[in-house]
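Worksheet for the structure shown next.
Every number in this text was worked out from the coordinates using simple rules, so none of it is lab data. Because the structure is predicted, anything quoted here is derived from the model rather than measured. Methodologically, a virtual Cβ is constructed for each residue, glycine included, from the backbone with ideal geometry; neighbour enumeration extends over all protein chains shown.
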């Protein structure tokens with residue numbers, strides 16, 4: 001089989017479990033509002049017991065792909081079938097999954113539900129699904145169920161082949177490398193762009209049938225995609241470097257995000273570095289790269305990991321400083337409000353007992369009280385915001401920290417007080433006016 005493209009299914013452990021393969025994409029992958037739960041998932045050991053590693057897989061689901069082949073000809077809705085077989089081998093490194101992905105536009109081949117039930121490929125896979133479901137827990141009858149499923153497997157393959165759907169043949173190795181052929185051209189000639197799109201979507205379907213997002217966000221769909229492949233030494237090397245550069249590109253994007261927006265940090269970076277280490281080992285094991293390139297890229301990965309660890313420590317330090325400063329000044333503001341409340345409670349005693357009724361002062365109106373409380377909260381918020389921002393920005397800059405300590409703490413503790421008064425003179429002035437006005441109002 002001649003393969004034109006190469007992809008990789010992220011695999012940290014270095015060995016994929018083909019027994020876990022199931023439809024990973026149904027409905028819309030990028031649009032979560034599009035759902036289609038009517039899928040088929042048949043995955044069984046075809047030579048021995050049901051959980052034997054030599055397996056046959058039959059999958060089916062309807063998908064809505066964002067990048068359509070032609071906006072005028074296709075509406076984006078496609079039906080995907082996967083028919084594949086995992087080889088038997090005592091050595092886990094030698095286990096492979098060989099199969100085909102069949103794709104067709106639902107607008108061309110499907111009608112109502114009643115019409116779809118009459119189509120032979122649907123009848124076959126639904127009947128196989130019923131036998132597969134009944135076999136769960138039925139150990140005694142497994143030999144008969146296995147024989148029936150093997151017959152349905154062969155029949156489904158022939159029916160899909162006879163219909164002339166687009167077919168992409170593939171080979172998935174235990175380490176996650178996926179080799180893909182160009183799609184067949186049964187109905188009409190396909191352009192190079194159409195061939196690429198069909199092959200890429202087939203790869204994504206295989207990839208997410210065996211892979212779940214553990215070290216990156218699901219939206220990072222382009223973390224790894226297909227690259228051109230040629231069986232020559234240079235062709236293998238070029239394909240390997242392109243796949244490594246895909247992960248480097250994502251790391252660069254994360255690093256720039258951290259540099260420009262220091263308040264953000266993504267733990268995905270260290271997960272992607274783990275992916276890179278596994279991919280590099282797989283590429284070397286499968287002889288797509290030589291020992292020199294393997295060692296060189298390994299050193300780059302170590303350098304990247306050290307860089308991200310430094311950046312992670314710096315980001316966490318920033319957050320620690322910010323949280324500590326804000327917490328400290330929340331306490332200060334809380335004490336200030338408590339003292340102000342106590343002070344005005346004493347000043348406001350002429351407004352209530354115990355004094356002679358003829359000596360009681362008129363109680364302020366609701367509007368006056370609301371204005372008073374609003375001004376108090378406004379001043380407290382202003383002081384807290386300005387003081388916290390000033391202290392955070394000062395502590396984050398090492399040179400400013402040294403200046404802060406030398407200029408304010410070392411010469412005299414009064415320097416710190418003077419600096420605070422200077423930085424918040426507007427807020428203090430408003431507060432003083434408020435206090436004087438309240439005292440004046442209490443004794444007029």
Where does each of 3, 179 land when they are ranked from fewest to most other beta-carbon atoms within 10 angstrom? 3, 179
Using a basic spin-label model with each label point 7 Å from the Cα along Cα→Cβ, how many nm lie between residue 109 and residue 2? 2.5 nm
Expected sort for 166, 8 with the fewest Cβ neighbours (10 Å cutoff) up front is 166, 8
Fewest-first ordering of 273, 47, 156 by Cβ atoms within 10 Å yields 47, 273, 156
Can you give the convex hull volume per residue for the Cα atoms of region 5-212, as a whole number of Å³? 125 Å³
Hey, what did region 5-212 get for relative contact order, percent, Cα under 8 Å, at least 6 apart? 27 percent
